[in-house]
Structure formats: C-alpha cells, structure tokens
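K.L.:
Can you read through this structure? Questions will come right after.
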Amino acid sequence: MSNLHDLAQRLMALDDDIVYCMKCGFCQGVCPIFGASGMEADVTRGKLALISNLAHETIKDPEAVADKLGRCLLCGSCQAACPPGVKIMDVFLEARELVYGYLGLNPVKKMIFRILLAKPSLFNFTVRLGAPAQKLVFRKTGEAQNTTCAPMLNFMLGDRHIRPLAAKTSHAEYGFVDETRFAGGLKVAFFPGCMGDKMYTGVTGACLKALRHHKVAVYMPDKLACCGLPALSSGDVRGMLEELKVNLKAFAGKDFDYIMSPCASCTACIKEHWPRYAERLGAWERKLARDIADKAMDINAFLVDVLKVRAASTNANALAVTYHDSCHLKKTLGVASQPRELIAANPACKLTEMAEADRCCGCGGSFNLFHYDWSRKIGQRKRNNVVASGARVVATACPACMMQLEDVLSHNHDPVEVKHTVELYAESLR
C-alpha cells in the first residue's frame, strides 16, 4: 500500500464488523492481556476502537497501532464471550495484514515465513544442524519438565526454560507414511505440526500408536510446511499462502476420511483459515482447501466421537492429572469434554479439575517471542492454578501450551510433569 489513505480505505471495509461491538465489556473479563496489564487499550473493545479510528484517519501513527494490535494472544476468548458475535479474530488478522502491508514486514520475519517455514527441506536441514549444536549453549535445568536454558542467550531469548529440539525428528523417525486401509476401515491424514515434528516427537509417536491400535490407516507426508498460523498472526499473508500451497500439494489426490493434528492451533488453522485464504489462490487450490477443511478434526474428538474411546475404571492408586483447555481447541473448535474423556480412558489417571481451566496460558505463538514478560506473567496465573489442583501431571492438547506450561512450572521448580492428552491415553495401550 502506497500511503496511509490507502490503508484507511481498506480498513473501512472492516467497519461492518466493528460496528456491532456494543462496548459491553464482556471481553474485559476474559482477556488475559487485560488481566495482566489492567490497561483499557489492551482490551478487545479498545483495539476495535483503535482500528475504527485509524480507518477514519484520526490516528496518524500506524506503528503505534501495530504495537497495540501485536499485544493480543489471538486466543479467541473475547470472541467466544462476545454477545453480538463480532468476528473479532477475523478483524484482528485482517487489520494486522493491512498495517504491516503499509509498514512493511521485518526482513527476518520475511525470511522465516516465506523461505524457512515454506521450504520443508531447508527447514529440516536447519533443524538437523541445530539439534546437536544446541548442546553447546543450552544446559539442562534439572527440573521435572526436562527443560533446558541458555543464560548466555538471555539477551536474545529471554530467560526461557524450554524443551530441546529432538535428536531425531518425527519425519526422520517415520519417513513418508502411506498405509493401506484395513478392510472397511478408516484412513486419516496426520499433520504433526512443526513442534510435533521437531520438538515434541513423543506426542507424534503416541498419536500414531493410538491410531494403529484402533486399526486406523495413516497418511503422513515427510515434507510438510508450517500450517501458516504464525505467518498469519504476524500479518504476513503472503508467507502463509506460500506455506499453504506446499501443504495442499502434499495432500492432493490422496484418499483419507479425516485430517488431524496433535496441535489444536494447526487443526484450527486447517479448518478455519486454509479455505478462507485459499480464496486468494486458483480454483484448484480453493476446492482442495475446502475439501480438506471439511475433513479436519481434532484427534481427541476423533478418538472419542468416532472411535468411541470411553473412560475406564480408575485404579486405586491412580495419578492425579489436571487438564488445561487449549484456547484454539475449546474456543475455536468447540472441543472440551473429549480430551477429559481420553485422560479418563487411562485407568492409571484420575482427572482433577483446576480452577480457570479454559483461561489462556499466555503462549499465543509469536506473542511469546515478542512479549515474553507479559507471556510469563499470564502463564504464572495458570501455573498457580495447576499447582493448587494438587495434580502431579498437567495435560493439554497443544504443544504450544505444553511449551508454555513447562516454562512457567520449570521456573517455579514445581514437580509437575506436562503431557499431551494422547500421550496419557497411549500409555494405557498394549
């Protein structure tokens, strides 16, 4: 976009959605950013007013607007609580695209989204180099979450406690998977996601174990790009589309009944954003994206609703497990009871609910990278609820949430393990 006037003209198209905001304040009570900062500008209604003002050219500082729009986790809590049903996430994503289209995207982000994450071979090669090299700068924290830290890189990474890159990625472990259906059985496409492929490989292994236990054939390409949500959240639609085209080609012409991921954010992106943004591509891509989106389903929901996995009788000495609702899983996909049912399907687990189970943990993908202090502050509230539950394990259904939970629990020296719901279920299978 050539000037602020062009930007304003495009933003005015958002007014049809923004006008329905009643300034009722329901978003204030559920917004994790406002809960941490107490600032009205951090509440959804404040950001919507900011966008509306910019559209009418009453604000002349798009950099400040970009900063305010960036102070959002895109967790969807506000949209889920909005009485008139304003499509807040669509407004925020489009506003970020327009603002960064005017300002220009950071060159490093361009490289990451349009080159690294859009080229599976390059991304995989980079991780193969990085996995052994990380031992030079990262050291084990000795905490129950098996985290590492890199004090000498705190100036760049912050004081993060993080799971190391896997010594062997999922795509290296399993290769290209295209199993033959069992007679009359189901076949699913499996999308491990970047973290399920390169960091939380045990989660991918647990999902494949569970699917094979139930005689479900699996199709899993070994060269998949990022789902596109990180690029989209950063306002880089071009990068998202580059990644989308790679993924569509990987699933084109393949026969499967469902597509699923152990990452709630990936599943939500496939179901909600792939068909929407594929409208900017050709007819072939638009149809394929719609077809795939229609088959997208959370793996917890698939195991419980389709395969009919049910709770088992709990052992007398069962381990207390609490559950954190991933925002994209509950608020975007509407999946809440199924992960709990899956935990209860392991007789060695006893579900113990925590307070505010569905309150955002504070990760928010790239939000954690650029606003780590706020992310940690929000995460501390989640940590307090986890510990107060008395559970020895906290389960969730999103690797990004797992990473955030491990960070805050590790920093507090809490003896609480973090596991994926499917990992717990898979432990009960023989």
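Readers should treat all values here as calculations from the given coordinates under stated rules, not as data from a laboratory. None of these values were measured; they are calculated from a predicted model. A quick note on method: Cβ atoms are made from the backbone with ideal geometry, for glycine too, and the neighbour counts reach across all protein chains shown.
K.L.:
Let's test the formula: R0 of 51 Å, r as the Cβ-Cβ distance of Lys209 and Val19. What FRET efficiency results, to the nearest 0.05? All intermediate terms of the calculation are to be shown ahead of the outcome.
P.N.:
Values: r = 50 Å, r/R0 = 0.98.
So the FRET efficiency works out to roughly 0.55.
K.L.:
Also, quick follow-up: Which FRET efficiency, nearest 0.05, do Ala318 and Ala252 yield, Cβ-Cβ r, R0 51 Å?
P.N.:
The formula returns an efficiency of 0.65 here.
K.L.:
Can you compute the FRET efficiency between Lys308 and Glu356 using 1/(1 + (r/R0)^6), with r the Cβ-Cβ distance and R0 = 35 Å? Round to the nearest 0.05.
P.N.:
0.70
K.L.:
So what is log10(I(q)/I(0)) for segment 308-427 at q = 0.13, 0.16, 0.23 1/Å, when the Debye sum runs over its Cα atoms only?
P.N.:
Log10 of I(q)/I(0), two decimals: -0.47, -0.70, -1.35.
K.L.:
So for the pair Ala41, Gln134, with labels modelled 7 Å out along Cα→Cβ, what separation do we get in nm?
P.N.:
For Ala41 paired with Gln134, the spin-label model returns 3.6 nm.
K.L.:
Antiparallel versus total DSSP beta bridges in segment 170-297: what percent is that, nearest 5?
P.N.:
The answer is about 20 percent antiparallel.
K.L.:
Per DSSP helix of 4 or more residues, -39500 (n - 2.57); summed, then divided by the residues of the chain. What does that give at 222 nm, rounded to the nearest 500?
P.N.:
-13000 deg cm²/dmol
K.L.:
Would you compute the Debye intensity of segment 170-297 from its alpha-carbon atoms alone, equal scatterers and no solvent, and pass along log10 I(q)/I(0) at q = 0.11, 0.12, 0.19, 0.21 Å⁻¹ to two decimals?
P.N.:
-0.35, -0.42, -1.04, -1.25
K.L.:
Let me ask something additional. Under 1.5 on a/c is rounded, so check that first for segment 249-348, then, if it is not, pick prolate when a/b is larger than b/c and oblate when it is not; a ≥ b ≥ c are the square roots of the alpha carbon gyration tensor eigenvalues.
P.N.:
Because a/c hits 1.5 or more and a/b exceeds b/c, segment 249-348 counts as prolate.
K.L.:
Please list, in chain and number order, the residues 5+ apart from Leu351 or on another chain whose amide H is under 5 Å from its amide H, with Hs placed from the backbone.
P.N.:
Result for Leu351 returns Val321.
K.L.:
Okay, moving on. Sort 342-352, 36-46, 273-283 by packing, meaning the average of other beta carbons within 10 Å per residue, with the highest value first.
P.N.:
Ranked from most to least packed, the peptides come out as 342-352, 36-46, 273-283.
K.L.:
Just how far, in whole angstrom, is segment 289-334 from segment 337-396 if you go by their alpha carbon centroids?
P.N.:
15 Å
K.L.:
For the chain, what ratio Rg/Rh do Cα atoms give with a Kirkwood hydrodynamic radius?
P.N.:
The Rg/Rh ratio comes out at 0.95.
K.L.:
Okay, moving on. Can you give the direction-averaged projected area of the convex hull of the alpha-carbon atoms in segment 153-232, in nm²?
P.N.:
6.9 nm²
K.L.:
Using a 7 Å offset from the Cα along the Cα-to-Cβ direction at both Asn412 and Ala183, what is the distance between the two label points in nm, to one decimal?
P.N.:
Here the answer is 5.4 nm between the modelled labels.
K.L.:
Now, a different point. Once phi is turned into θ = phi - 60°, what whole-Hz ³J(HN,Hα) does the Karplus curve with 6.51, -1.76 and 1.60 give for every residue of segment 344-358, x standing for Gly and Pro?
P.N.:
5, 6, 8, x, 8, 10, 10, 6, 10, 5, 9, 6, 6, 4, 9
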